[in-house]
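These notes are about the structure you will find just below.
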Amino acid sequence: MQKEYTITVYTEDRIGITNRITVIFTRRRINITSLTTAPTEIEGVYKFIITVLAERSLLDKVIGQIERLVEIHRAFVHEEDEVVYQELALYKISTKALKNGSIEKLIRENAARILTITDEYFVLEKTGHQEELIALQAELAPYGLIEYTKSGRVAIVKWSRRFHDHLKDLSEQEADDLAEVDYTHGQPGSHQEESI
């Protein structure tokens with residue numbers, strides 16, 4: 001049965017890696033519903049957060065293919081209850097709506113905030129889950145909604161501390177390797193690869 005899953009992929013910062021990851025989903029005919037990427041707290045390590053609607057058995061095969069790419073540290077599939085996540089939405093609304101006092105109540109009730117106001121429009125920001133953001137879009141429509149845009153998912157895995165420690169160990173090992181290369185004038189020593 002198809003469900004929504006969050007996939008996290010830890011990668012090196014390499015040109016073309018986004019395409020190499022997404023093409024694996026395309027070949028399996030899996031539609032990506034959102035994709036976010038950003039640096040992690042470890043220098044040189046990036047995190048992809050991908051949301052998809054698919055069957056778990058198919059995603060397990062996709063993860064296996066992703067992890068065969070040289071630039072990938074690790075990849076994981078998560079159920080919804082295994083991650084803390086948010087999305088962000090921006091709403092551009094006609095400034096005329098501010099003359100109607102009820103929109104201010106709507107903004108407060110939805111814990112949204114005004115980012116900017118001009119003579120023609122103002123921009124609201126709200127963070128939350130996709131359902132909340134879409135619901136607010138519908139509520140704002142009668143007030144002169146001009147434009148709406150939403151980010152992809154940003155997520156933190158509840159059990160990821162041990163893996164992050166491993167990434168830090170790898171980062172420190174790489175720094176030690178570089179220091180040894182410098183010390184021996186380009187002749188690196190032998191180092192045993194660590195496994196998770």
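The values are calculated or read from the model by the stated rules, or taken from the named source; none is laboratory data. Predicted model, so just to flag it, every value in this text is computed and none were measured. Quick note on the areas: whole protein, heavy atoms, side chains included, nothing else; ligands and nucleic acids left out. Shrake-Rupley method; radii C 1.70, N 1.55, O 1.52, S 1.80 Å.
Details
- Lysines whose Cα lies under 28 Å from that of K96, excluding same-chain neighbours fewer than 8 positions away: K105, K126, K150
- Partners for K158 among lysines (Cα-Cα distance below 19 Å; same-chain residues under 8 apart left out): K47, K168
- For the set V70, V23, the ranking by accessible area, highest first and with no ligand, DNA or RNA atoms included, is V70, V23 under a 1.4 Å probe.
- Distance from the C-alpha centroid of the range 66-134 to that of the range 1-61: 21 Å, rounded to the whole angstrom.
- Across the range 3-81, C-alpha contacts under 8 Å between residues 6 or more apart give a mean separation that, scaled by the residue count, equals a relative contact order of 49 percent.
- Applied to the range 12-17, the Karplus parametrisation 6.51 cos²θ - 1.76 cosθ + 1.60 on θ = phi - 60° returns per-residue 3J(HN,Hα) values of 7, 7, 10, 5, x, 5 Hz, with x for Gly and Pro.
- Taken over the range 1-151, the percentage of Cα pairs per 5 Å bin, counting from 0 up to the bin with the maximum distance, is 2, 8, 17, 17, 13, 11, 10, 10, 8, 4, 1, 0.
- Across the alpha-carbon set of the range 86-150, the Rg to Rh ratio works out to 0.92, Rh being the Kirkwood radius.
- Size-normalised alpha-carbon gyration radius of the range 3-81, reference 2.2 N^0.38 Å: 1.01
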